[in-house]
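Visitor: Sharing a structure, written as structure tokens. Questions coming.
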Amino acid sequence: MAGWITAFKVIPWGDLIAAAPTVVKGARQLWAAVRKQEAPQVAGQGVQGGQRALEAQIDELRKELTAASELVTRLAEQNGRLIEAVEVLRVRTRVLLVLMAILAGGLILLAALPAAAQSFPARPVRFIVPIAPGGGGDITTRAVAQKLSALWGQNVVVDNRAGGTGSIGLEIAANARPDGQTISLVTGTHAARQAMQGKKLPYDLLRGFSHVTQVTAQSYVLVVNPSVPAKTIPELLAVSNQRPDGLTFGSSGQGSLQHLSGALLATLGKTKLLHVPYKGGGPALADVLAGQINMIFATPLESVPHIQTGRLRAIAASGATRLKSMPALPTVAEAGVPGFEVSQWYGVLAPADTPKPVLAQLNRGFVQVLKSPDLIERFARDSVDLVGSTSEQFRAHIAAEIQRYQRAITAAGIKLE
């Protein structure tokens, strides 16, 4: 016992206190990493820099242990108090080994953190668009992707994978590696399709994906080719009733939100309309412009330029309120079809089980970009609102939309072929 008391008295407390700032610094870095679930950024070197710094701290402590051994030798040679020196060495060694274990454990903790979160994005990001080029969703994606590329310092590559009313592209996204490097556009069309076809689809928007954010919210504009002799909803319904199969309307595919819009108009307006599905809203709109089909519910982004040049005629807005960019244009409900309301939206999904730190970084990137004044101004001209919701809010929005479309389909008695 006397030896331990003597050892306590001669412990080099000054040396340990001098080493304390190094230990505290390492502990703070580790605590910050745990709280943020991200690797510390040391001198701009990322997680590798953090690991090197901690390894350097362990080396310093090893040097302290070597110094302790030298102290033993000096004490033994000078004073012959070998027993007391051994006690000093034992105490000091235990203290230093504890500190070394803490820092070594920190290295293990850093290594266990998701690598993707430490350096996301590590390479170009693939942004799948499950519709054909030229539609509102494609236009929106490309505008946002350009901003993200500048923000992240990595290319965001838009990859159009049209087909199956979004099934092809969404299935590819769902089966991608959940590291945040592959994301996908999702639209109200896909929620409507899930409401109509449910388990027949190769994906589940609620269970099969991680939810990044809602990007936009907007109404459709019901537009016709100028050759159609109608300027209002009542005139349009009357013209359609005069034709054996009714007027033709295009959509981005079977079971799409545009398909549902036309089916609702036919049911609530008590008329006949012939559905012509395409692989995307862009090709469908092109055929309305060419006079191959009569009309379509199109987004303001893709239709307003053609309305302004007279190549399309706007009949009504599909949402609950009038468009800010076209305040004189009535809604479908105002124009004579009570109960009609359809609104489009765009959002972003990632594969299921994407690590939460990566999902958080994706969300932060999109939210930051969607606050860009020039982007807000550009979309506002076409009555498109930029949203930027949380992941949780976006998932709740999709769930609510699926339920809303299910109620509308049931109430209207719609049966899609």
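The values are calculated or read from the model by the stated rules, or taken from the named source; none is laboratory data. Worth saying up front: this structure is predicted, and the values here are computed from it rather than measured. Counting neighbours? That spans all protein chains shown, and the Cβs are built from the backbone with ideal geometry, glycine included.
Visitor: Any residue at all in the range 145-166 that's of a type outside the set (A, V, I, L, M, F, W, C) and in contact with a Phe, Trp or Tyr (Cβ under 7 Å, 6 or more places away or on another chain)?
Guide: For the range 145-166, residues of a type outside the set (A, V, I, L, M, F, W, C) and in contact with a Phe, Trp or Tyr (Cβ under 7 Å, 6 or more places away or on another chain): present.
Visitor: Oh, and also: Restricting attention to the range 322-353, which residues are modelled with pLDDT of 95 or more, more than 30 Å from PRO178 (Cα to Cα) and of a type in the set (Asp, Glu)?
Guide: The answer is GLU334, and nothing else.
Visitor: What residue, among those in the range 179-200 that are within 17 Å of ALA217 (Cα to Cα) and of a type in the set (A, V, I, L, M, F, W, C), is modelled with the lowest pLDDT?
Guide: ALA192
Visitor: State which residue is modelled with the lowest pLDDT when the search covers only the range 115-138 and only residues that are crowded, with 19+ Cβ neighbours inside 10 Å and under 22 Å from PHE297 (Cβ atoms).
Guide: Only one residue fits best here, namely GLY135.
Visitor: Filter the range 354-384 for residues that are modelled with pLDDT of 95 or more, farther than 20 Å from PRO130 by Cβ and not in a helix (DSSP H, G or I) and give the result.
Guide: PRO355, LYS371, SER372, listed by residue number.
Visitor: Another question, if that's okay. Go through the range 253-276 and count every residue that is under 33 Å from the mean Cα position of the chain (by Cα) and under 22 Å from THR410 (Cα atoms).
Guide: Qualifying residue count for the region: 14.
Visitor: Could you identify the single residue in HIS259, HIS275, HIS306 that is surrounded by fewer than 19 Cβ atoms within 10 Å (Cβ to Cβ) and not polar (S, T, N, Q)?
Guide: After applying the criteria, what remains is HIS306.
Visitor: Residues in the range 147-189 that are assigned to a helix (DSSP H, G or I), in contact (Cβ under 8 Å) with a residue 12 or more places away in the chain and either hydrophobic (A, V, I, L, M, F, W, C) or touching a Ser or Thr at 6+ places or on another chain (Cβ under 8 Å) (or both): how many?
Guide: The number of residues fulfilling the criteria is 14.
Visitor: Looking at the range 207-223 only, could you name the residues that are among the hydroxyl-bearing types (Ser, Thr, Tyr) and either outside any loop (DSSP other than H, G, I, E, B) or out of contact with any strand residue (DSSP E or B) (no Cβ under 6 Å at 6 or more places or on another chain) (or both)?
Guide: SER210, THR213, THR216, SER219
Visitor: Okay, next question. Could you say which residue among PRO234, PRO226 is part of a helix (DSSP H, G or I), surrounded by fewer than 16 Cβ atoms within 10 Å (Cβ to Cβ) and touching a residue at least 60 places away in the same chain (Cβ under 8 Å)?
Guide: So the residue among PRO234, PRO226 that is part of a helix (DSSP H, G or I), surrounded by fewer than 16 Cβ atoms within 10 Å (Cβ to Cβ) and touching a residue at least 60 places away in the same chain (Cβ under 8 Å) is PRO234.
Visitor: Looking at (1) touching a helix residue (DSSP H, G or I) at 6+ places or on another chain (Cβ under 8 Å); (2) more than 30 Å from PRO124 (Cβ to Cβ); (3) among the basic types (Lys, Arg), can you tell me which one ARG193 breaks?
Guide: Of the numbered conditions (1) touching a helix residue (DSSP H, G or I) at 6+ places or on another chain (Cβ under 8 Å); (2) more than 30 Å from PRO124 (Cβ to Cβ); (3) among the basic types (Lys, Arg), the odd one out for ARG193 is (2).
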